[in-house]
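Taken together, the values in this text are just the output of simple stated rules run on the coordinates, not laboratory data. Every value quoted in this text rests on a predicted model; they were computed, and no experiment measured them. Here the Cβ positions follow ideal geometry from the backbone for every residue, glycine too, while neighbour counts run over all protein chains shown.
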C-alpha cells in the first residue's frame, strides 16, 4: 500500500514541478530504470534513496509516504481491507496550496486540532487504565 502512496506522490510532485523522471533521477543520483521501476511499483527503495528523492523534489520525506490524493476506498482496497488510520475519526490530513494568510489560519486550526487529539488520547488512556484496575468490593461487618 505504501508503495502505491509513494509513487502516486512522486508522480504528482513531478507534475506540479513540471519535472521529468529523468531530471528527478539525475537530481537524486539514481538510475532512470530504478526510478521507472519505483514509480511502477516494481522496486523497494532504501531510506537513503527515499531521502535523495525527497531532497530532489524539495519535499519533506514524511510527505512522500503519508499524504495521498488516493481516496479512502482505494486505500482500503490496497490495504486488503481497512487501511490504517493515523488520525481519530472525524479528522483528515490534506495537502493544499494556500496564500500566506490562509496558511496562517490553517496553522492555527491545526494547533487547535492537535491539542484536541492529545486531550482525547490522554482521556482514553486514563479510562483504559481505570478499567484495568482490579475491582475492590468494600464489605463492612
**Q.** Least to most buried among 91, 7 (fewest other Cβ within 10 Å first)
**A.** 91, 7
Q | Percentage of interatomic Cα-Cα distances in segment 2-78 larger than 17 Å | A | 38 percent
Q: Please give the FRET efficiency for residue 106 paired with residue 129, using the beta carbon to beta carbon distance and R0 = 30 Å, rounded to the nearest 0.05.
A: 0.30
